[in-house]
Amino acid sequence: MTVPTPLPVAASALADCALCGGDGVVMGARGLLAHAELCTCVPPCGRCRGTGQVTLEQDGHLLVGRCVCRRTPDRIALFNRSGVPGRFHRATMHSFSTGILAHGAHDKMPALMDVSTWLGSYDPATENQGLVLHGAVGRGKTHLLIGLVRRLIFEKGVPSRFMEFSRLLGLLKESYDAGRGSSELMDELARVPVLAIDELGKGRLTDWELSVIDEIISRRYNAMRCTLATTNYAPRDPSGAAPANLARSGGQRQTLGDRVGERVWSRLRQMCLFVEVSGRDFRAPRGS
Ligand SMILES: [Zn+2]
Ligand SMILES: [Zn+2]
C-alpha cells in the first residue's frame, strides 16, 4: 500500500471574516429571492488549482474526486435553487433564538429545542420524519422553517425546496394557462429530498386546490420523502376534541385536518412530527 502524498491545503474562508463570519457565504436578496454568494475572503484553491477535482494515487490506482473546496459553492448553488424569499434572507435558527431573547419570548424556546433535536437526528442517507410547525399568525414559524432549510442545505448538503402554498397554486395555474400542464413543477416538488411548504391549508381550498395538496403529499408519502410545513391551523387532537389554539377561517373554527381533508391529514400524521410555535407575536412591539 502506498501512502497518499500530502495534498496542498484546499481553499477555505477566513475564520474571522467580517463579511461572512467565517463560513464563506454572503447572503443577500436578488429580485424576490434570497441569494447566496461565495465570500471574497475565500482564496483560489491551491489543492485543485480551481478545477474542483483532485487526483490521488493509492495502491497503484488513480482516484479522482471532488475537491473539498467545492463544498461551499455546491451548497450555495443548492440554496440559490431552494426558493427562499428575499425578505427572509437573514432568517436563521440563530436569529430566531436572538429574536426570542430580544422579545422576551422564552415560551418559543421549546419549539426551537424540538426543531434543533429534529435537525440533529436528520440523516440524508435514510428516511426521515417530517415536521409541521403550527401556531397562530406572527409566531415566527416561517422564520424557523427557513432557518431549518438553511441548516439542511449548508450543514448537511440536502437539496431542499421552500414553497409558499399560495405561490405553488399560482405557479401551477400559470403553467396550466400557458398550456404546459403541471407535471414538471409537480415532479420537482414530489422528488426533492426536502420540501418545505409554508402556510399549508391557507386560502379558499377549492376542489382543485385540495387535489394539488393530495397529489403532492401522496407522492411524497409513497416515495418516503421528508416534508416540512408551517400552518396557522392546529392539528386535530388525537381524541377528536377541539385543540386549544384553534385558528379561525370564515368565522368557523377549523383544524388542519378539516382544511386538508381526511386522507392528507392521515398521511401527515404518519409522516410528520408536530411542533407548536407559540408565545409572543414577533411582529408586535416589545411590551405589548
Ligand atoms: Zn468571508
Ligand atoms: Zn479545490
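The values are calculated or read from the model by the stated rules, or taken from the named source; none is laboratory data. Computed from a predicted structure; not experimentally measured. Methodologically, a virtual Cβ is constructed for each residue, glycine included, from the backbone with ideal geometry; neighbour enumeration extends over all protein chains shown. Ligands, DNA and RNA are excluded from the accessible area calculation, which covers all protein heavy atoms including side chains. Shrake-Rupley method; radii C 1.70, N 1.55, O 1.52, S 1.80 Å.
For the listed peptides 130-142, 218-230, a ranking on the average number of other beta carbons within 10 Å per residue, highest first, reads 130-142, 218-230.
Taking the chain as a Gaussian network of alpha-carbon nodes connected by springs under 10 Å, the highest mean-square fluctuation of the residues 19, 56, 171 belongs to 56. Taking the protein heavy atoms of segment 25-80 in the context of the full set of protein chains, the accessible area attributed to carbon and sulfur is 52 percent at 1.4 Å. Partners of residue 173 within straight-line reach, counting lysines whose Cα lies under 23 Å from its Cα and excluding those fewer than 8 residues away in the same chain: 202.
Rolling a 1.4 Å probe over the heavy atoms of the protein chains gives segment 25-80 an accessible area of 62 Å² per residue.
The angle separating the long axis of helix 93-103 from the principal Cα axis of greatest extent in the chain is about 50 degrees. Shape of segment 89-276 from the C-alpha gyration tensor: oblate (a/c of 1.5 or more and a/b not above b/c, with a ≥ b ≥ c the square roots of its eigenvalues). Result for the chain in a Gaussian network model with C-alpha springs under 10 Å: among 276, 127, 199, the largest mean-square fluctuation is at 127. Rolling a 1.4 Å probe over the protein heavy atoms gives segment 89-276 an accessible area of 46 Å² per residue. Using a Gaussian network for the chain with springs between C-alpha atoms less than 10 Å apart, which of these wobbles most: 197, 216, 76? Comparing 197, 216, 76 in the GNM, the peak value goes to 216.
In terms of packing, defined here as the mean over residues of other Cβ atoms within 10 angstrom, the peptides 143-151, 28-36, 173-181, 157-165 line up highest first as 143-151, 157-165, 28-36, 173-181. Within the accessible area of segment 89-276, the carbon and sulfur atoms contribute 49%, probe 1.4 Å, all protein chains present. Counting only residues at least eight positions apart within a chain, or on another chain, the lysines with an alpha carbon under 29 Å from that of residue 156 are 108, 141.
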